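The values are calculated or read from the model by the stated rules, or taken from the named source; none is laboratory data. The structure displayed is predicted, hence computed values, not measured ones. When we count neighbours, we look across all protein chains shown, and the Cβ atoms used for this are built from the backbone with ideal geometry, even at glycine.
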Ligand code: G16
């Protein structure tokens, strides 16, 4: 126990902007650098929890600017608030899925993950803190609401005056009587992956000359990917590119999409390029999958992984169910139907999958925002998705393009795109959504270039395990045969508002499966403009990112 006399009570003034978003508190670094800003939030987290005295906290982050400084703050505050032990990744590094695994493996009370995910890093960019509960998953809304409420009334926080500990030295350190264990951030995670996948089969595939390229985007997955793909699976050195985590991600935007991972995409589109390419984001929970001359949308990836998961040892006995966020395409629904298992549709945010996974209702989950994962942890997991793909490729010995063609021929194809309008004025974004919501009751029957609107609503979710209700989770406008538009505002941006428009058209098996997505979706895109006046509200002629 930390001696009470060492504890310092620091008076502070509440900030009014510490409401956690889709995934924790994300702000500009300069906001976090205000005196007491990080401290207030960390104390608000601790004040919202009960029963952690003497228990274990896991701490780690994606290595971005401010990571090490805030970890030292957390260590002192954890000790002052009565935690018995903190486990921290060496160098302050833990990918989000690895942190989830460490929390679960060591039976920790919870964890603090320091990351702003796929947002850029550096002194002028973004930082973030999120709290994960004892199941390893993001805190549910009941907890994040309590943290926010506390942040509005906080008047003091507890800390210590102790020197920094050496985050690079593996082993046990002491912070005024509280043990701090600095662990290898990769070892536990790599070991878990070996239990789920057939490493020998993947090694054999790589031995045939099958080439892969993994872009770690100068973010957290570099050490994990190098250990797993190059050392344990024997891929040649250089398979992992941008493999060293940098505080500013080498000035890149560590978002694994076709805009920010364009180099990888361009290499994969060459006839003599690698057979398989993948990337992960700042904190390692997102993934991008590209086969030789075949990009795979995250929604399609979820469907293919679910349909073929039984080929990997960890999933050989089948899936209990599949869960996807509401804006994610319905491709996985068709796989669930064919497998005779339930499909759960949740709001955006990985936290909504936690209860389903804990209850054993779902085994595989996925989101259009480049996230897929399973019951092995309680976060989405970029490297896990890459390994499951490689396991499937090793078992089927077909190209990604052939697997996709086969999948669409069997299930039909959900043409899909997401248009993001970033950094727009918050009042304009709110006005667009308010107008759409006001029109919901009268939208059905409206003629558009994509045909008549069949139904429209604002998505509301009732958690089947605890009955909690999350309302206003996105406006859905439905057309015939499974086509739809979804409008919602992002909960992860740090500047103004980001409008997300999700566009989906279903083409049944035997139909036109080889269209360019832009062409297939053009009538729906025109319908979106007609129904929501996007140009007028955003002042933008084009989306800033199309994925
Ligand atoms: C987070 C959440 C995801 C969500 C994504 C996008 O991902 O964990 O569940 O889909 O944000 O959310 P939004 O559309 O509200 O911006 P990450 O990778 O940023 O932690």
(request) Please list, ordered by first then second residue, the pairs with beta carbon atoms under 6 Å, 6 or more apart or interchain, first in the stretch 242-270 and within 16 Å of residue 296 (Cα to Cα), second at pLDDT 95 or above and surrounded by fewer than 17 Cβ atoms within 10 Å (Cβ to Cβ). (result) 269/293
(request) Hey, could you check the stretch 288-327 for residues that are in a loop (DSSP other than H, G, I, E, B) and within 16 Å of the ligand (Cβ to nearest atom) and say which is nearest to residue 213 (Cα to Cα)? (result) 297
(request) Sort through 112, 49 and tell me the only one that's within 16 Å of the ligand (Cβ to nearest atom) and either part of a helix (DSSP H, G or I) or under 23 Å from residue 6 (Cβ atoms) (or both). (result) 112
(message) Can you confirm whether residue 461 is touching a strand residue (DSSP E or B) at 6+ places or on another chain (Cβ under 9 Å), over 28 Å from residue 515 (Cα atoms) and touching a residue at least 24 places away in the same chain (Cβ under 8 Å)?
(response) yes
(message) If I filter the stretch 281-291 for residues that are under 30 Å from residue 112 (Cβ atoms), crowded, with 18+ Cβ neighbours inside 10 Å and out of contact with any helix residue (DSSP H, G or I) (no Cβ under 8 Å at 6 or more places or on another chain), do I get at least one hit?
(response) no
(request) Taking residue 360 as the residue in question, decide whether it is at pLDDT 95 or above, surrounded by fewer than 19 Cβ atoms within 10 Å (Cβ to Cβ) and either within 14 Å of the ligand (Cβ to nearest atom) or not in a helix (DSSP H, G or I) (or both). (result) yes
(request) Return yes or no: is residue 277 away from the ligand (no atom under 16 Å from the Cβ) and in contact with a helix residue (DSSP H, G or I) (Cβ under 8 Å, 6 or more places away or on another chain)? (result) yes
(message) Six or more apart or on different chains, Cβ atoms under 8 Å: show the pairs whose first residue is in the stretch 209-232 and in contact (Cβ under 8 Å) with a residue 60 or more places away in the chain and at positive phi and whose second is surrounded by 24 or more Cβ atoms within 10 Å (Cβ to Cβ) and part of a helix (DSSP H, G or I).
(response) 217/249
(message) Name the single residue that is farthest from residue 367 (Cα to Cα) among those in the stretch 533-547 being out of contact with any strand residue (DSSP E or B) (no Cβ under 6 Å at 6 or more places or on another chain) and in a helix (DSSP H, G or I).
(response) 536
(request) Check 518, 510 and return the single one that is more than 29 Å from residue 115 (Cβ to Cβ), assigned to a loop (DSSP other than H, G, I, E, B) and away from the ligand (no atom under 16 Å from the Cβ). (result) 510
(message) Among the residues that make up the stretch 495-506, is at least one of them away from the ligand (no atom under 16 Å from the Cβ) and surrounded by 14 or more Cβ atoms within 10 Å (Cβ to Cβ)?
(response) yes
(request) Find the residue count for the stretch 499-519, including only residues that are under 29 Å from residue 425 (Cα atoms) and out of contact with any strand residue (DSSP E or B) (no Cβ under 8 Å at 6 or more places or on another chain). (result) 0
(message) Name the residue that is nearest to residue 87 (Cα to Cα), counting only residues in the stretch 115-128 that are in contact with a helix residue (DSSP H, G or I) (Cβ under 8 Å, 6 or more places away or on another chain) and in a loop (DSSP other than H, G, I, E, B).
(response) 115
